[in-house]
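Chemist: Here it is, the structure, as structure tokens.
The values are calculated or read from the model by the stated rules, or taken from the named source; none is laboratory data. These figures come from a predicted structure and were not determined experimentally. Glycine also receives a Cβ, built like all others from the backbone with ideal geometry; neighbour counts cover every protein chain displayed.
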Amino acid sequence: MSARPKGGRSRTRRIAAVLGLLLALVAAAPVRALEQITLVAEDSWYPYSGLVDGKLAGLSIDLIEAAYAAVDVKVSFKVMPYSRCLAEVERGAELGCFNTGDEAKNSGGKMISHSTPLFLSTMGLYAVSEAGGGRVGLKELVGKRVGIVRGYDYNIEFTSNAAVLKEESLSDLASLRKLLKGRVDYAMVERRVFAYLVASNADEFSGRFKDVAKAIRPGTLRVSFSSKWPEAERMARLLDQGLAAIEASGEYDRINDRWSFRPH
């Protein structure tokens with residue numbers, strides 16, 4: 001029988017005591033509480049943000065949740081139409097709203113925005129498939145009826161041109177249906193949103209439209225915060241930090257890939 005090493009039992013007891021102390025310290029350490037905020041999400045701009053089968057989902061939702069989680073902020077969401085969410089933020093009833101374009105810049109100091117965009121977005125200009133003519137720019141839209149969504153942010157040159165006849169609807173879906181019925185000459189719809197709407201309404205829309213837009217510079221989409229909230233500036237900066245963190249970790253690309261909608 002081999003002899004037990006001297007001091008083995010006492011060394012084991014010391015190791016156990018140290019481990020026990022470390023576990024006790026970990027258990028006693030206070031758990032850091034996450035800061036909590038609420039933002040307003042628009043209800044009908046899927047796959048960026050929208051209600052589907054009664055549940056809020058979309059690329060913007062996932063990106064904002066992940067970015068704030070990276071800086072120890074838990075975000076929850078309210079849902080309302082886009083025009084209302086902007087109005088609520090402007091008057092200070094809500095902390096922030098998305099997906100906004102240049103609204104923060106043009107709000108006269110009522111809203112604050114973060115620096116890093118959530119994503120880039122490109123508008124399409126759609127005509128019915130059998131329509132003649134080639135690519136269409138702003139000058140070709142003079143005197144034409146263009147379907148848009150009430151309260152949405154479009155190219156400033158387009159929105160400020162009174163010679164273009166804007167036909168407002170409550171949703172992009174309604175604009176496309178007006179186009180099929182001949183009530184407008186064109187419908188202006190964000191391209192990823194258009195792809196989703198056509199695929200999810202294939203019986204009605206498949207093969208019925210063509211994109212006739214000349215080259216359009218992508219727009220930047222963000223969260224706009226109310227300048228009336230003391231924490232708005234800090235939350236904008238934290239969102240920038242969180243977006244940088246998930247970009248560096250690869251999480252941003254993983255989320256974006258999940259929402260890279262490709263119609264079947």
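Chemist: Please enumerate the residues belonging to region 80-95 that are under 16 Å from TYR152 (Cα atoms) and not acidic (Asp, Glu). Before you say what the answer is, go through the steps one by one.
Modeler: Filtering region 80-95 for residues under 16 Å from TYR152 (Cα atoms) gives 80-90.
Scanning region 80-95 gives MET80, PRO81, TYR82, SER83, ARG84, CYS85, LEU86, ALA87, VAL89.
Chemist: Give the residues of region 194-214 that are surrounded by fewer than 16 Cβ atoms within 10 Å (Cβ to Cβ) and under 23 Å from the mean Cα position of the chain (by Cα), sorted by residue number.
Modeler: Once the filter is applied, which keeps residues that are surrounded by fewer than 16 Cβ atoms within 10 Å (Cβ to Cβ) and under 23 Å from the mean Cα position of the chain (by Cα), region 194-214 yields ALA199, SER200, ASN201.
Chemist: In contact with an Asp or Glu (Cβ under 6 Å, 6 or more places away or on another chain) and either more than 23 Å from PRO117 (Cα to Cα) or not assigned by TED's automatic domain parsing to the domain that holds ALA41 (or both): which single residue out of ARG191, ARG145, ARG208, ARG183 fits that description? Before the answer, list the steps.
Modeler: Numbers: ARG191 fails: in contact with an Asp or Glu (Cβ under 6 Å, 6 or more places away or on another chain); ARG208 fails: in contact with an Asp or Glu (Cβ under 6 Å, 6 or more places away or on another chain); ARG183 fails: in contact with an Asp or Glu (Cβ under 6 Å, 6 or more places away or on another chain).
Testing whether each residue is in contact with an Asp or Glu (Cβ under 6 Å, 6 or more places away or on another chain) and either more than 23 Å from PRO117 (Cα to Cα) or not assigned by TED's automatic domain parsing to the domain that holds ALA41 (or both) leaves just ARG145.
Chemist: Return a yes/no flag: does region 124-133 have any residue that is of a type in the set (Phe, Trp, Tyr), part of a helix (DSSP H, G or I) and crowded, with 16+ Cβ neighbours inside 10 Å.
Modeler: Looking for residues that are of a type in the set (Phe, Trp, Tyr), part of a helix (DSSP H, G or I) and crowded, with 16+ Cβ neighbours inside 10 Å, one finds none in region 124-133, hence no.
Chemist: Can I ask one more? Given the residues VAL212, VAL193, which is the only one that is touching a strand residue (DSSP E or B) at 6+ places or on another chain (Cβ under 8 Å) and within 27 Å of VAL75 (Cβ to Cβ)?
Modeler: Numbers: VAL212 fails: within 27 Å of VAL75 (Cβ to Cβ).
Just one listed residue meets the conditions, VAL193.
Chemist: How many residues are more than 15 Å from the chain's Cα centre (by Cα), in contact (Cβ under 8 Å) with a residue 40 or more places away in the chain and part of a loop (DSSP other than H, G, I, E, B) when one looks only at region 219-264?
Modeler: 7
Chemist: Where the second residue is outside any helix (DSSP H, G or I) and of a type in the set (Val, Ile, Thr) and the first is farther than 15 Å from ASN99 by Cα and free of Cβ contacts under 8 Å to residues at least 40 places away in the same chain and lies in region 65-81, which pairs have Cβ atoms under 6 Å and are six or more apart or on separate chains?
Modeler: From residues that are farther than 15 Å from ASN99 by Cα and free of Cβ contacts under 8 Å to residues at least 40 places away in the same chain, the pairs are VAL75/ILE37.
Chemist: Can you say whether GLU204 is in contact with a helix residue (DSSP H, G or I) (Cβ under 9 Å, 6 or more places away or on another chain), closer than 30 Å to GLY182 by Cβ, modelled with pLDDT of 95 or more and in a helix (DSSP H, G or I), as far as the supplied structure shows?
Modeler: Working: in contact with a helix residue (DSSP H, G or I) (Cβ under 9 Å, 6 or more places away or on another chain): yes; closer than 30 Å to GLY182 by Cβ: yes; modelled with pLDDT of 95 or more: yes; in a helix (DSSP H, G or I): yes.
Here the answer is yes, as GLU204 does meet what is asked.
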